[in-house]
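The values are calculated or read from the model by the stated rules, or taken from the named source; none is laboratory data. Note that this is a predicted model, so its numbers are computed, not measured. Don't worry about glycine lacking a Cβ; one is built from the backbone with ideal geometry, like all the others, and counts go over all protein chains shown. With ligands, DNA and RNA removed, areas are computed over all heavy atoms of the protein, side chains included. Shrake-Rupley method; radii C 1.70, N 1.55, O 1.52, S 1.80 Å.
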Amino acid sequence: MKRVAILISGGGSNMVALVNSMTGDHPGRPVLVASNDPAAGGLAKAAAAGIATAAVDHRTFGKDRAAFEGALLHHIEAANPDVLCLAGFMRVLTPAFVARFEGRMLNIHPSLLPKYPGLHTHQRALDAGDAEAGCTVHEVTAVLDDGPILGQARVPVLPGDTADSLAARVLVQEHRLYPAALRNYLSGNRTPIALP
Ligand code: GRF
């Protein structure tokens with residue numbers, strides 16, 4: 001059984017989708033949900049599911065990212081995960097942190113990478129007049145939103161769409177894609193999946 005730690009910054013709907021999927025014959029089990037924001041709504045959801053939680057407020061470290069990550073690592077190493085999942089985790093991790101978990105850290109990004117790394121992905125897809133949008137699960141490397149793709153799901157861009165309406169349609173697919181990609185990954189399969 002693979003031990004899975006999940007990092008969040010907000011409500012944690014992707015974290016909940018991952019946790020709900022890790023039952024039965026799934027090769028993983030959640031061992032920690034940690035956040036850079038003690039007020040993140042997802043922490044209470046994880047605790048209610050009986051999962052250990054931790055919060056390290058990045059604001060108390062100012063610009064000292066290494067010190068913040070050191071404090072976060074203290075909790076992560078105590079949980080001794082095999083794999084780390086970034087799920088709506090909005091802090092950019094240093095290359096040193098990434099190197100520590102390289103090849104065993106995943107992220108979900110709300111665009112069809114390599115299109116639109118970074119922020120405001122849905123508005124950028126609308127501004128470009130794209131006919132479709134989507135989300136991507138990828139391995140995390142030192143280059144932001146750039147690692148090997150493990151899976152993608154696509155949605156149509158509909159007339160009258162706003163960034164919010166598109167984000168809501170993509171989020172539904174995120175909750176399907178991330179559990180499927182994690183199961184595949186923990187089973188040793190690196191062939192990217194494409195959800196119908
Ligand atoms: C998701 O759209 C995710 O792709 C992005 O942040 C959003 C967070 O959602 N990085 P949640 O916290 O998992 O509900």
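State which residue is farthest from ARG183 (Cα to Cα) when the search covers only segment 7-54 and only residues that are assigned to a loop (DSSP other than H, G, I, E, B) and of a type in the set (A, V, I, L, M).
Residue satisfying both the conditions and the ranking: ALA39.
Tell me, yes or no, whether segment 76-89 has at least one residue that is under 29 Å from ALA153 (Cβ atoms), within 14 Å of the ligand (Cβ to nearest atom), among the β-branched types (Val, Ile, Thr) and not assigned by TED's automatic domain parsing to the domain that holds GLN173.
no
Condition first: open to solvent by 40 Å² or more (accessible area, probe 1.4 Å), closer than 18 Å to LYS2 by Cα and among the hydrophobic types (A, V, I, L, M, F, W, C). Now tell me which residues in segment 15-48 satisfy that.
Once the filter is applied, which keeps residues that are open to solvent by 40 Å² or more (accessible area, probe 1.4 Å), closer than 18 Å to LYS2 by Cα and among the hydrophobic types (A, V, I, L, M, F, W, C), segment 15-48 yields only VAL16.
Determine whether segment 56-70 contains at least one residue that is more than 16 Å from the ligand (Cβ to nearest atom) and at positive phi.
Yes, the conditions are met somewhere in segment 56-70.
Counting just the residues of segment 87-110 that are touching a residue at least 40 places away in the same chain (Cβ under 8 Å) and open to solvent by less than 10 Å² (accessible area, probe 1.4 Å), which one comes out farthest from ASP57 (Cα to Cα)?
Of everything passing the filter in segment 87-110, LEU106 is farthest from ASP57 (Cα to Cα).
Could you please find all residues in segment 2-11 being surrounded by fewer than 24 Cβ atoms within 10 Å (Cβ to Cβ) and near the ligand (Cβ under 10 Å from one of its atoms)?
Residues satisfying the conditions are SER9, GLY10, GLY11.
Among the residues of segment 73-92, write down those that are within 17 Å of VAL140 (Cα to Cα) and either touching a strand residue (DSSP E or B) at 6+ places or on another chain (Cβ under 8 Å) or not in a loop (DSSP other than H, G, I, E, B) (or both).
Answer for segment 73-92, where residues must be within 17 Å of VAL140 (Cα to Cα) and either touching a strand residue (DSSP E or B) at 6+ places or on another chain (Cβ under 8 Å) or not in a loop (DSSP other than H, G, I, E, B) (or both): LEU73, ILE76, PRO81, ASP82, VAL83, LEU84, CYS85, LEU86, ALA87, GLY88, PHE89.
Pull up segment 105-127, narrow it to residues that are over 16 Å from ILE149 (Cβ atoms) and not in a helix (DSSP H, G or I), then point me to the one that is nearest to the ligand (Cβ to nearest atom).
LEU119
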